[in-house]
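What follows is a set of notes on a single structure, which appears directly below.
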Amino acid sequence: MIDLLIHLVLIILIPPLLPGVINRTKAAFAGRTGAPLLQPYYDLYRLLRKGTVFSRTTTWVFRAGPIVTLAATLAAALFIPLGNHAPPLSFNGDMILFVYLLALGRFFTTVAALDTGSSFEGMGAAREVTFSCLAEPVVLITLLVLSRLSGSLSLAGILTHSSTTLWLASGASLILLVAGLFMVLLAENCRIPFDDPTTHLELTMIHEVLVLDHSGPAFGMITYGAALKLSILSALFLHVALPLRNADPYLDWLVFVISMILLAVAIGVVESCMARLRMTRVPQMLLAACVMAAFAMILVVR
Amino acid sequence: MSSFADQLLVLVLLINILILGTHRARVAIRAIALQGVVLGMMPLLIHPVQGHILLITLFVVLAKGVCIPWLLFGALSKIEFSEDLPPFLGYAGNVIAGAVATVMAFAFAARLPLAPHHQELLTVPAALATILAGFIALASRRKAINQVIGYLMLENGIFIFGLLLTEAMPLMVEAGALLDLIAGIFVMGIIINQIGREFSSIDTSRMTALREEE
């Protein structure tokens, strides 16, 4: 019961912290002081107090977009185990539902963008869908490989199975999975080198251009949903990459929070050290992630 | 064979894909040098340390890690211009072809009547996959320098096969093969320069045209 409460509190409170940590890391690399760590929380509070403007050309789809996206992402968050504790919901085959919940959220974001009729947003929608076509197989293949290794069909069983002994036994395929997942983590959450979250030119945006027309609380929901997605995929990544666990449940929660923050710092370091890829190179990078995941599958299945 | 050697072979397979997919000759040269060094260290990992295995390791690492990359970088710096010539299949097509070849190599190796203690190893599928990737690079790349790198990849694949036999392979055979390789790269370096000077382009597919300008 207490674990369930901690899970809910963490998954609701932690997400905005990660972009804060990433921005702080980037600022430190650039020699700036940077915004306060809690700035994303202040931003959310500010956005929630504002009014919303809806264009007269949009329909209910535009209004439903942010709500459905946030709801789908929150539902997906209930299936991910955090820090070696059982998730609130779990059944055999829930990994497929998890991937499709994320896809449903993406679908409504892109449909809402198309609903505005803006040419920029249509372009962003096309890019978003094209790149996610290549990013989704990586997640699915990863889950397949892990399910084969663990002999379980639910996310809880798959993700809590990875351990140091498993790493020693089949390290090569796990390294491939971790590398592929990290690339997807960066691509799905619009980080450099796939997409620059701070770019100011609509022509070069991918995720940001989809939400240009949203304002006020709706935009707050979108920002919060993006941060939530970042933390869900980070938790997924950490389960594979860092199988740290002890007997003490409270220590596990602490380790989980610390490793999430460290991962955010790592993302910030990657963002500071790399330049953005040319748009035509992005599918090639994602294809490389697919190939790595497929190699991992060959190694495990053969 | 230790599982560490198997994991190094996975690295070798990844380098194949990197070479097939990269559009920079410098990255490809560095990658093929790394592949050569990784493969050069392998005999030490799978066989008990002996004098002639140490010598083979030393020669292979020196030749593939230092000598050949040096010759290739030399050839590259003499070509003044460097145009971006996508391969015949395109970069993404190359990567997909390499991945399909790897899958086929694994499927084929599983059906081969191998010695029982070789059955579980990655060596045979990795060798086949590297040879096929080398063929793909040789056939689809248009710059002579990338074709040389494909040829090196092919040779690396044959070397992986040879790993199963290192104990039986005399030192002189291995040394002779390496010498041939270096002589081959040397000649190819000269040819690359000649192509660059004569045709004002390093696109080898243009060499079939009778006239210089079309």
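The values are calculated or read from the model by the stated rules, or taken from the named source; none is laboratory data. In this text the structure is predicted, and so the values were computed from the model without any measurement. No Cβ is skipped: glycine too gets one built from the backbone with ideal geometry, and neighbour counts run over all protein chains shown.
Okay, here's what the table says:
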item: Evaluation of B:Gly74 against (1) closer than 17 Å to B:Leu9 by Cβ; (2) in a helix (DSSP H, G or I) (one fails), failing number; result: (1)
item: Region B:107-118, residues that are within 11 Å of chain A (Cβ to nearest Cβ) and either surrounded by fewer than 21 Cβ atoms within 10 Å (Cβ to Cβ) or polar (S, T, N, Q) (or both); result: B:Ala107, B:Ala110
item: Candidate set from region B:1-58 (those that are more than 21 Å from the chain's Cα centre (by Cα) and within 14 Å of chain A (Cβ to nearest Cβ)); member that is surrounded by the fewest Cβ atoms within 10 Å (Cβ to Cβ); result: B:Ser2
item: Criterion: within 19 Å of A:Tyr224 (Cα to Cα) and touching a residue at least 12 places away in the same chain (Cβ under 8 Å) - qualifying residue of A:Leu70, A:Leu13; result: A:Leu70
item: Filter pass, A:Arg281 being over 23 Å from A:Leu174 (Cβ atoms), within 14 Å of another protein chain (Cβ to nearest Cβ) and out of contact with any strand residue (DSSP E or B) (no Cβ under 9 Å at 6 or more places or on another chain); result: yes
item: Region A:161-185, subset farther than 18 Å from A:Gly83 by Cβ and of a type in the set (S, T, N, Q), residue farthest from the other protein chains (Cβ to nearest Cβ); result: A:Thr165
item: Residue identified as touching an Asp or Glu at 6+ places or on another chain (Cβ under 8 Å), charged (D, E, K, R) and away from chain B (no Cβ under 14 Å) among A:Asp213, A:Asp252, A:Asp248, A:Asp196; result: A:Asp213
item: Subset of region A:195-239 [closer than 22 Å to A:Val270 by Cα and touching a Ser or Thr at 6+ places or on another chain (Cβ under 8 Å)]; result: A:Asp196, A:Met205, A:Glu208, A:Leu228, A:Lys229, A:Ile232, A:Leu238, A:His239
item: Failed criterion for A:Ala275 (all others in (1) away from every other protein chain (no Cβ under 14 Å); (2) assigned to a helix (DSSP H, G or I) hold); result: (2)
item: Failed condition for A:Ala156, given (1) under 24 Å from B:Leu14 (Cα atoms); (2) more than 14 Å from chain B (Cβ to nearest Cβ); (3) part of a helix (DSSP H, G or I); result: (1)
item: Matching residues in region B:164-211 - criterion: being outside any helix (DSSP H, G or I), in contact with a helix residue (DSSP H, G or I) (Cβ under 7 Å, 6 or more places away or on another chain) and at pLDDT below 70; result: B:Thr166, B:Met169, B:Ile202
item: Selection count where residues are within 16 Å of A:Val211 (Cβ to Cβ) and in contact (Cβ under 8 Å) with a residue 24 or more places away in the chain, scope region A:49-62; result: 7
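Conditions tested, residue by residue: (1) part of a helix (DSSP H, G or I); (2) within 14 Å of chain A (Cβ to nearest Cβ); (3) not aromatic (Phe, Trp, Tyr).
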| residue | (1), (2), (3) |
| --- | --- |
| B:Val95 | yes, yes, yes |
| B:Ala101 | yes, yes, yes |
| B:Met104 | yes, yes, yes |
| B:Leu121 | no, yes, yes |
| B:Leu128 | yes, yes, yes |
| B:Ala133 | yes, yes, yes |
| B:Gly157 | yes, no, yes |
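Residues checked against (1) in contact with a strand residue (DSSP E or B) (Cβ under 6 Å, 6 or more places away or on another chain); (2) within 14 Å of chain B (Cβ to nearest Cβ); (3) under 30 Å from B:Tyr91 (Cβ atoms); (4) surrounded by fewer than 15 Cβ atoms within 10 Å (Cβ to Cβ):
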position: A:Ala241; (1), (2), (3), (4): no, no, yes, no
position: A:Met260; (1), (2), (3), (4): no, no, no, no
position: A:Ala294; (1), (2), (3), (4): no, yes, yes, no
position: A:Met297; (1), (2), (3), (4): no, yes, yes, no
